[in-house]
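Accompanying notes for the structure given below.
The values are calculated or read from the model by the stated rules, or taken from the named source; none is laboratory data. Since this is a predicted model, take the numbers as computed values, not measurements. Quick reminder, even Gly has a Cβ in these numbers, built from the backbone with ideal geometry, and neighbours come from all protein chains shown. Protein only, heavy atoms only, side chains kept; ligands, DNA and RNA dropped before computing areas. Shrake-Rupley method; radii C 1.70, N 1.55, O 1.52, S 1.80 Å.
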Amino acid sequence: MTSSSGASRRQVLAVAAAAATTPLIAGTPAQAADPKGPKTWDLTVLGTSDTHGNVYNWDYYRDAEFDDSKHNDVGVAKLATLVNQIRAERKGRATLVLDAGDTIQGTPLATYYAKQEPITVTGATHPMARAMNILRYDAITLGNHEFNYGLPLLAKWIGQLGFPALAANAVNARTGKPAFLPYVIKEVRLGGHGAPTLRVGILGLTNPGVAIWDKGNVEGKLVFPGMVETAAKWVPIMRARGADLVIISAHGGDSGTSSYGPELPNENPVALIAQQVRGIDAILFGHAHNEVVEKFVTNTATGAQVLTAEPSKWGQRLTRMDFTLARERGRWKVVSKGATMLNTNTVVEDPKVLAAVRGQHTKTVGYVNTVVARSSQELSAAESRYRDTPILDFINHVQTEVVTAALAGTSSGSLPVLSIAAPFSRTAVFPQGDVRIRDVAGLYVYDNTLEAVVLTGAEVKTYLEFSAKYFTTLPVDAPVDPATISDPAVPDYNYDVISGLDYDIDISKPVGQRITRLVLPGTDTPVAADAQFVVAVNNYRRSGGGNFPGIVKTQVYNAQQEIRQLLIDWAQAKGTIDPADFFVPNWKLVRAGVPVF
């Protein structure tokens with residue numbers, strides 16, 4: 001944060017504050033495996049991550065209790081019940097609760113208190129602060145989505161928390177000092193009065209991709225060094241300041257790869273941190289939304305086994321790490337450690353959490369059920385990944401209209417306008433009849449803003465070739481199954497379709513050779529390599545998200561307008577959503593020129 005806010009100043013004093021310890025947590029000795037061996041004690045660490053604005057077990061897009069094909073439940077209220085059960089089960093023995101980030105974005109509830117009634121304006125307590133304060137976390141890490149709504153709102157939210165928010169690798173661009181608290185050391189009492197204490201160091205690492213994905217919010221204010229080098233810097237400091245056990249709470253996956261390519265620090269380096277940095281006992285991680293119950297990674301320098309775990313997403317799972325420790329020659333030694341995973345669909349929601357957020361939840365439900373227009377027919381996104389559909393053309397049509405109007409009379413105003421959209425949701429649908437805000441929000445689930453750049457015809461083709469790697473290669477005679485037509489390594493949000501030109505994608509051909517037809521709309525005239533087009537695109541993609549080629553350029557349009565709201569505004573102004581007004585089939589999947597569908 002900048003040093004202008006009180007919350008920011010407190011965070012910037014990170015190094016000094018981190019040296020201080022927090023109140024003792026009482027515990028009792030665990031039974032030793034060998035009665036004649038050394039006395040042992042135990043510590044339990046509970047971990048959550050990627051709760052993404054979920055408090056209630058509620059699907060705001062369906063206006064119904066959340067459910068999916070695996071019957072998962074969601075929400076901090078469910079997590080709170082599990083945490084309280086474990087605390088009661090342990091009867092006061094040492095238990096810490098951590099979170100690995102991505103908290104204040106992801107549901108209409110979170111969006112409402114960032115956009116419709118922002119807490120920076122109203123002074124209201126954010127629903128995620130209300131919920132998490134009841135759960136009594138010991139520390140949380142900032143995820144990349146914490147930066148989505150700007151630094152002032154983030155500072156306001158942090159100031160509402162009753163526990164530390166950590167991010168060692170978010171650095172003040174002007175001073176070079178930590179912009180947030182890098183770590184805390186918790187003193188945990190193991191045993192009765194006079195028993196020894198364990199000092200648990202907790203280091204928070206946010207994702208360096210923030211510099212790309214939220215460039216507009218952080219450029220010139222914060223920089224984000226890599227997670228591996230940041231861990232290598234701070235773990236020795238924590239050990240020198242007395243940490244007996246070191247746990248990292250990291251908002252990054254463990255794949256070792258990045259969605260934005262190799263240019264910046266690694267997006268998902270957890271396994272690399274465990275391998276390369278000495279002195280780490282365990283890593284709670286998030287960001288990838290995977291369920292990693294327990295994975296041990298060997299540190300290459302010491303041979304030590306680092307425990308890692310990731311608790312899925314949205315409050316569906318709770319990680320439990322258990323440590324058994326012994327005192328040897330005046331130092332603590334980890335005798336054993338392991339992790340298990342708990343499913344929140346096994347418990348009811350905590351009534352205190354529900355009560356704390358009920359008013360905000362109710363207001364959000366009322367808002368998302370506001371009718372914005374009537375649809376002449378049902379429009380579904382179920383096939384948008386592999387077939388040109390009206391509902392995705394709705395997004396591209398609105399984006400094209402907005403950019404065309406904004407550029408009229410400018411130096412770029414005479415250029416054709418293309419538009420890019422991705423099939424974010426397979427379940428989005430506009431019902432025939434009333435279309436509500438929740439239906440539009442279900443189609444466009446991210447808080448992206450609209451931008452535009454100029455691309456050449458050659459750059460457009462290269463972009464489409466990159467997007468077409470989404471599909472698996474299927475020879476001409478191979479059966480086609482829509483359920484398996486895409487490469488599972490490429491998420492749906494990294495498959496883009498473009499309106500304003502006609503093109504074919506030949507999925508029988510190798511990646512990089514699939515755009516077999518790219519012509520001007522309604523013609524057989526190939527797009528010239530040097531032709532110029534204005535391309536409407538969201539800020540995530542334009543800033544490098546997904547590592548698409550050629551799109552990271554100076555904008556010719558950037559009015560900081562949220563795309564979801566533009567869709568709502570268009571629908572309200574028209575009153576009717578009719579595919580006849582915007583649906584232009586312009587792309588298809590083929591094999592040897594024959595349409596796949």
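The Cα-based radius of gyration of the range 351-474, divided by its Kirkwood radius, gives an Rg/Rh of 1.07. Between Thr103 and His52, Gly143, Glu146, the built amide H atoms are under 5 Å apart, and every one of these is 5 or more places off in sequence or on another chain. Sequence-ordered 3J(HN,Hα) estimates for the range 442-452 from the Karplus curve with 6.51, -1.76 and 1.60 and θ = phi - 60° stand at x, 7, 10, 7, 9, 8, 6, 10, 8, 9, 8 Hz, glycine and proline given as x. Largest first, the residues Phe583, Phe471 sort by 1.4 Å accessible area into Phe583, Phe471.
Across the chain, the relative contact order, built from alpha-carbon pairs under 8 Å that are at least six residues apart, equals 15 percent.
Note on the range 116-200: antiparallel DSSP beta bridges, both residues inside, total approximately 60 percent of the bridges counted.
The local environment of His289, defined by Cβ-Cβ distances under 12 Å, has a net charge of -2 under the rule Lys, Arg +1 and Asp, Glu -1. The convex hull around the C-alpha trace of the range 193-280, projected and averaged over every direction, spans 7.3 square nanometres. Over all Cα atoms in the range 392-439, the spread is summed up by Rg and Dmax: 14.3, 41 Å. Highest average first, the peptides 343-350, 459-466 ordered by how many other beta carbon atoms sit within 10 Å of their residues are 459-466, 343-350. Val200 exposes around 0 Å² of accessible area when a 1.4 Å probe is run over every protein chain in place. Both the radius of gyration and Dmax for the range 277-343 are 13.5, 43 Å, in that order, over alpha-carbon atoms.
The accessible area of Lys233, taken with all protein chains in place and a 1.4 Å probe, comes to roughly 110 Å².
DSSP beta bridges confined to the range 225-345 are antiparallel in about 70 percent of cases. If you take all other residues with their beta carbon under 15 Å from the beta carbon of Glu219, and give Lys and Arg +1 and Asp and Glu -1, the sum is +2. Reducing the range 106-155 and the range 227-258 to their Cα centroids gives an inter-centroid distance of 25 Å. Counting only DSSP beta bridges whose two residues both lie in the chain, roughly 65 percent are antiparallel. Taking the average, over residues, of other Cβ atoms within 10 Å as the packing measure, peptides 287-294, 305-312 rank 305-312, 287-294 from highest down. Between Val556 and Ala452, Val453, Val454, the built amide H atoms are under 5 Å apart, and every one of these is 5 or more places off in sequence or on another chain.
Evaluating 6.51 cos²θ - 1.76 cosθ + 1.60 at θ = phi - 60° for every residue in the range 407-416, the Karplus couplings come out as 8, 4, x, 9, 5, 9, x, 8, 7, x Hz, glycine and proline recorded as x. Can you give the helix-only mean residue ellipticity at 222 nm for the chain, where every DSSP H stretch with n ≥ 4 adds -39500 (n - 2.57) and the sum goes over all residues, rounded to the nearest 500 deg cm²/dmol? Helix-only estimate at 222 nm: -7500 deg cm²/dmol.
Backbone geometry of the range 513-529 corresponds, through the Karplus equation with coefficients 6.51, -1.76 and 1.60 at θ = phi - 60°, to 3J(HN,Hα) couplings of 10, 9, 7, 8, 8, 9, 10, 5, x, x, 9, 10, 7, x, 6, 5, 4 Hz, x marking Gly and Pro. Between the alpha-carbon centres of the range 299-352 and the range 535-582 there is a gap of 42 Å. The accessible area of Ser380, taken with all protein chains in place and a 1.4 Å probe, comes to roughly 50 Å².
Positive contributions from Lys and Arg (+1) and negative ones from Asp and Glu (-1), summed over other residues with Cβ under 14 Å from the Cβ of Leu407, come out at -2.
Distant-in-sequence amide contacts of Val335, defined by a placed amide H-H separation under 5 Å and a gap of 5 or more residues or a different chain, comprise Thr324, Leu325, Ala326.
Order 550-557, 240-247 from most to least packed using the mean count of other Cβ atoms within 10 Å.
On the way: 550-557: 16.5, 240-247: 19.9.
Those peptides, ordered most packed to least, come out 240-247, 550-557.
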